Amino acid sequence: MNKMLIAAAVVAAGAGGYWYSQQSAPLSTSDDVVLSYVPADTPVFSAQLQPFPIKSYINSLSEAYRQYPPETFSELENEPDERAQFFVSLFKSYAAAMKDGDTFAKTFGLADNIRSYLYSLGAMPVLKVEVENADAIWALLDKAEAESGLAHTLGNLKGAEYRSYLLTDPEEQQQISLVFAVRDGIFTATLSTSFLDASVLENALAVTPVDNSIVDAKIIENIINKHGFTNEGVSYINHQEIVTGLTSTDGNQLAGQLSKLYGIMGEDPIDYLKTPACRAEFAAIASNWPRTVAGYDELRVTDNITELGFRTVIEGNNKVLLDAYQKLRGFLPAYTQDIDNTVFNIGLGVDINQMVPALTTIWDDMLTPEYQCEPLAAMQMQMSQQSPAMLGMFTGMANGVKGLGVSLVDYKISDDVNSPQLESLDAVVSLSADNPAMLFNMAKSFMPEMANIQLPENGDAIELSSILPIPAEMNIAPKLALKGQHLVLFSGDKGAAIANNLQQESLQNNGFFVMSTDYMKMIDPLLTFVEMTGEPIPEEIEAMKHYDMRTKFSIDFKPEGVEIDVHANSRSSK
């Protein structure tokens, strides 16, 4: 049974990885045909609802992103189990297919533009992808069989033909199989088990529709309208359905399946969650945080470039907590969000004056009501022994602070291969506060070497070369200045330009956390220097060569919940 569960977990993890990589208004007729077999109580759902230009997307990726190191499969290749070798063959085929868009599409029998779907029937994952050439799929599986020795069994369920690969040992009393099928131009990958009703596989193979589908419940349209996503694609995790599955025996499809599995195992490892108190209290928590939803704000794909804006929202209904989280937000300077003109940025916006009151509100809310469910009560007991009020002793010294920013704007390594060193550095570190001069004067008492420094209030910068231990041969001259409500440490002309722009930025509570990176600008100077030395380029650096991608990642607190935003653009290295 343990092997059976491990096999199921491996397949589920693979499907989850596909779901994460595929994230990218009315639903189309094509969608309705697939979605009518997706139950409204599915715990996990993800779909590319509009045809996605898969060939152009592969072509737009930098070569480094499409390559896999030779040792990627080295450990698995030595695994004697034929099932492991079967998956190694499939993964190798996938890696080889990433050569370019045409190769990828031909290998998997895909059209130029495809839709894809990933969801679960209770605990059983189902992956569906539009295919143009089913023979390519069967050829790929035939190749994996020949290389591994794992053979398939043909099945037919109410007219739906499929291949089945046994994942568990033959002597196991209960069996799990990996199932592949192509029906009406839709490729399906799912699991079949001996201990679940045949109706689950019938739903997965689009033989029997579900009683109450995701279409009937209008879940997708509601998510798009509520959060303003485009209709390119939608994903969500339903926390309420997961909680119901874990705390009841038959509250939904997931609960029923787990109950059957536990019956076979002879014990329920989470039986303590099924008390009336746990069921009610976990349900209340899930009601406050019902779903994690995700979708696109923008998506543009050509053979040369991919640009996307992908937003995830952890939906919240607890106004007390959401208001407290929003009070934590502080100031993020404009430069921390620039992914086009810098190498690396990071910004943390926290209103220090609001930190202790906000955290105290959050703490008190989590301690009310007094839980009766054993694991929740234990958590409350641990929390009650601590208090965020203790932070007041430390935050008092940073009174008025609203945010911190760091930016590596540009850098250069000298071309002296015998004595490599950092030749130039454009960078900025800023502290934004109501009264940064007061904070600087307070900090001087802890730094004797800066005790005699007086910062001009007119924004003029002072040199720090005589204070900071920087080698004279390095062409770096750090400066410190008060720029409006910002204390700024900077170097280089580009750093000075950002520092001067800060003078015009007033403090607004505009965010919580942001980080952006230009990978090519970060790696290229290192590659250039290593190439000049004539020494072999380390594999970890070589793998990043021509990695032409920029990303921006942010976390923020909004009235509708916790928001995680990702913007990225990638250019082909051709």
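The values are calculated or read from the model by the stated rules, or taken from the named source; none is laboratory data. Remember, predicted model here, so these are calculated numbers, not experimental data. Virtual Cβ from ideal backbone geometry, glycine too; neighbours counted across all protein chains shown. These area figures cover heavy atoms from the full protein model, side chains too; ligands, DNA and RNA do not enter into them. Shrake-Rupley method; radii C 1.70, N 1.55, O 1.52, S 1.80 Å.
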Quick one: would you say residue 79 is open to solvent by 60 Å² or more (accessible area, probe 1.4 Å), in a helix (DSSP H, G or I) and either touching a strand residue (DSSP E or B) at 6+ places or on another chain (Cβ under 6 Å) or at pLDDT below 95 (or both)?
no
A careful count of residues in the range 195-218 that are under 29 Å from the mean Cα position of the chain (by Cα) and either closer than 16 Å to residue 161 by Cβ or β-branched (Val, Ile, Thr) (or both) gives 3
Residue, farthest from residue 63 (Cα to Cα), within the range 287-298, restricted to residues that are surrounded by 20 or more Cβ atoms within 10 Å (Cβ to Cβ) and among the hydrophobic types (A, V, I, L, M, F, W, C):
293
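Could you look through the range 335-359, keep only residues that are of a type in the set (D, E, K, R) and surrounded by fewer than 19 Cβ atoms within 10 Å (Cβ to Cβ), and pick out the one that is nearest to residue 400 (Cα to Cα)?
The qualifying residue nearest to residue 400 (Cα to Cα) is 338.
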Report the residue count in the range 502-517 for those that are open to solvent by 70 Å² or more (accessible area, probe 1.4 Å) and out of contact with any Phe, Trp or Tyr (no Cβ under 7 Å at 6 or more places or on another chain).
2
Just name the residue that is surrounded by the fewest Cβ atoms within 10 Å (Cβ to Cβ) out of those in the range 109-126 that are of a type outside the set (Ser, Thr, Tyr) and assigned to a strand (DSSP E or B).
113
Looking only at the range 406-425, which residues are of a type outside the set (Lys, Arg), open to solvent by 20 Å² or more (accessible area, probe 1.4 Å) and assigned to a strand (DSSP E or B)?
406, 408, 410, 411, 413, 422, 423, 424, 425
Checking residue 428 against (1) of a type outside the set (Ser, Thr, Tyr); (2) open to solvent by less than 50 Å² (accessible area, probe 1.4 Å); (3) outside any strand (DSSP E or B): exactly one of these is not met. Which one?
(3)
Looking for something assigned to a helix (DSSP H, G or I), within 14 Å of residue 38 (Cβ to Cβ) and within 30 Å of the chain's Cα centre (by Cα) - is there at least one such residue anywhere in the range 182-194?
no
Please go through the range 200-240 and pick out each residue that is among the aliphatic types (A, V, I, L, M), part of a helix (DSSP H, G or I) and either in contact with a Leu (Cβ under 7 Å, 6 or more places away or on another chain) or open to solvent by less than 20 Å² (accessible area, probe 1.4 Å) (or both).
200, 201, 204, 220, 223, 224
Members of the range 299-324 that are open to solvent by 60 Å² or more (accessible area, probe 1.4 Å), closer than 30 Å to residue 368 by Cα and touching a strand residue (DSSP E or B) at 6+ places or on another chain (Cβ under 9 Å)
317
Can you run down the residue pairs with Cβ atoms below 7 Å, 6 or more apart or on separate chains, where the first is in the range 245-272 and part of a loop (DSSP other than H, G, I, E, B) and the partner is aromatic (Phe, Trp, Tyr)?
268/262
Of (1) within 24 Å of residue 412 (Cα to Cα); (2) part of a strand (DSSP E or B); (3) open to solvent by less than 30 Å² (accessible area, probe 1.4 Å); (4) of a type outside the set (S, T, N, Q), residue 499 satisfies all except one. Which?
(2)
Between residues in the range 127-143 that are at negative phi and residues that are open to solvent by 30 Å² or more (accessible area, probe 1.4 Å) and assigned to a loop (DSSP other than H, G, I, E, B), which pairs lie under 8 Å by C-beta distance while being six or more apart or on different chains?
130/185; 131/185; 132/185; 141/152
Among the residues that make up the range 348-366, is at least one of them within 30 Å of residue 427 (Cβ to Cβ), of a type in the set (D, E, K, R) and either at pLDDT 95 or above or assigned to a helix (DSSP H, G or I) (or both)?
yes
Residue 280 vs. criteria more than 30 Å from residue 50 (Cβ to Cβ) and surrounded by fewer than 20 Cβ atoms within 10 Å (Cβ to Cβ)
yes
